[in-house]
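Taking it in order: structure first as structure tokens, then the write-up.
The values are calculated or read from the model by the stated rules, or taken from the named source; none is laboratory data. All values reported here derive from a predicted model rather than from experimental measurement. Glycine also receives a Cβ, built like all others from the backbone with ideal geometry; neighbour counts cover every protein chain displayed. Just the protein is used for accessible areas: all its heavy atoms, side chains included, with ligands, DNA and RNA removed. Shrake-Rupley method; radii C 1.70, N 1.55, O 1.52, S 1.80 Å.
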Amino acid sequence: MDEIRPNSGAQAHGLVPLFPPGLQAIYGECRRLYPDQANPLQVTAIVKYWLGGPDPLDYISMYRNMGCPAQDVQEHWHYVSFGLSDLYGDNRVHEFTGADGPSGFGFELTFRLKREEGETAPPTWPAELMQGLARYVFQSENTFCSGDHVSWHSPLDNSESRIQHMLLTEDPQMHPIQTPFGTVSFLQIVGVCAEELQAAQQWNGQGILELMRGIRITGGPWLITDMRRGETIFEIDPHLQQERVDQGIETEGSNLSGVSAKCVWDDLSRPPDDEEDSRSICIGSQPRRLSNKDTEQIRETLRKGLEFNSKTALPPISGQKQNHDRAQSRKDSLDSESSAAIVPHELVRTRQLESVHLKFNQESGTLLPLCLRGRLLHGRHFTYKSINGDTAITFVSTGVEGAFATEEHPYAAHGPWLQILLTEEFVEQMLGDLHELGSQDEAKLPKEYSWPEKKLKISILPDSVFDNPLQ
């Protein structure tokens, strides 16, 4: 078979590949693992995404994996997606940018589900789960990385299971591949309980995954999801929370740099009728749009901890595809790959504010201690990006470079983006005052916290306030 090149290759010579090269490359990696399953069961998008269909993944192949008794790996079903990478190379879905970079989004998803006794065919619900994740990636252009977490807030199989969230890691068997359209890696979905997700948020996803690899019932070496698992890793081994997670947070801090959330902020420095007031950002009004540079800064901050559910993906954060994580020193920075520093848009000036009021829903509020203890006390930053508009709230420590909030002016706004600089002393004070935010009892809302000497107020409000802003 002649080598087919996109556009200038196949199409320029009037040739149409019988078997798309990107698809063939992934099939080749699957055949390496499953030489005796040349024709696996597949879930196929009835109307392809490039023809106007709703499902971005053209196919999800389902293999029967016999496990590895020597490593105590149990038998399971192995799901592999086709469509997040460039399968065709003719720009019908992904723009071809060369063979040296990532193919499409640069990865495909996999999932390993424990095979139940007597099960002769793989369940198909993981295919819809993978389509849901793919829809988010296509709509938001936010790619996933190993160690990322996904807050799903619903049993992955729509049952009564405790497995209601996900972590992502490298597939233990599938190797990164080189295709004519770029490189493709394989990210495996791992189902986790709410307590495990919370630990991943407070510490880091890779650390929790490593703990789960050490316990057969929570996944073992290949991190196989068991939807019937009724215990968390911390219930199986109570020492893990204190000896590994709490110690990890204390010594390393948290890798979660931001979440999409229900949040707003008010500038209490000006009267409500001031046209320059950032009250245009508040619930029920029309916010100013973030500039592309501001959006790119927030998107870089939010490359971890994307929050969405199985019904609707978050509104896209406009801009170019995000870059993968890069190593950072203890002295953190708000710089992104596309911008060496935060340079305010010339039409939207940065303003110093005297007093601010922050409003969060219950779930966002419970992350405030993580923001303070796991991020700011380690010289880092943390961003809340509103899912209801362009509002963003970034907390920064005195060690963060590139921030427009300073110790002299700790509250600064650039359009709808608010930055709040907190000193270590104030962070410790806030942690003491916010200790009760671990409670999940929404009946106790609203909660209000105020620091008059700092001219800062925080309210934790019911979801209904954010869902019905005009009431």
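A simple spin-label model places pseudo-atoms 7 Å from Cα toward Cβ; at residue 68 and residue 424 they are separated by 4.4 nm. Given a Förster radius of 25 Å and the C-beta distance between residue 447 and residue 194 as r, what FRET efficiency does 1/(1 + (r/R0)^6) yield to the nearest 0.05? Working from the Cβ atoms, E equals 0.75. The loop-placed trypsin sites (Lys or Arg not before Pro) in region 153-252, going by DSSP, that have at most 13 neighbouring Cβ atoms within 10 Å of their Cβ come out as 228.
Computing FRET efficiency as 1/(1 + (r/R0)^6) for residue 19 and residue 100, where r is the C-beta to C-beta distance and R0 is 22 Å, gives about 0.40. Positive end of the dipole of region 42-120 (Cβ unit charges, origin at the Cα centre): among 118, 68, 98, the Cα lying farthest that way belongs to 118.
With 0.36 nm allotted per residue and the present C-alpha distance subtracted, the residue 44-residue 215 stretch has 58.1 nm of extension available.
Straightening the chain between residue 398 and residue 435 buys 11.1 nm, computed as 0.36 nm per residue apart minus the Cα-Cα spacing.
Using the 1.4 Å probe convention, the accessible area of region 356-471 works out to 40 Å² per residue with neighbouring protein chains retained.
Quote the relative contact order of region 347-465 in percent (integer), defining contacts as alpha-carbon pairs under 8 Å separated by 6+ residues. After rounding, I find 34 percent. Strictly over 18 Å apart at the Cα level, which of 385/455; 262/454; 359/385 would you flag in this model? From 385/455; 262/454; 359/385, over 18 Å: 385/455; 262/454. With the simple spin-label model, which puts each label point 7 Å out from Cα in the Cβ direction, the residue 153 to residue 350 separation comes to 3.3 nm. Here the calculated FRET efficiency for residue 117 and residue 242, from their Cβ-Cβ distance with R0 = 35 Å, stands at 0.45, rounded to the nearest 0.05.
Residue order by solvent-accessible surface for 243, 408 is 408, 243, largest first, with ligands and nucleic acids left out and a 1.4 Å probe. When all protein chains stay in place and ligands, DNA and RNA are ignored, the 1.4 Å accessible-area order of 73, 47, largest first, is 47, 73.
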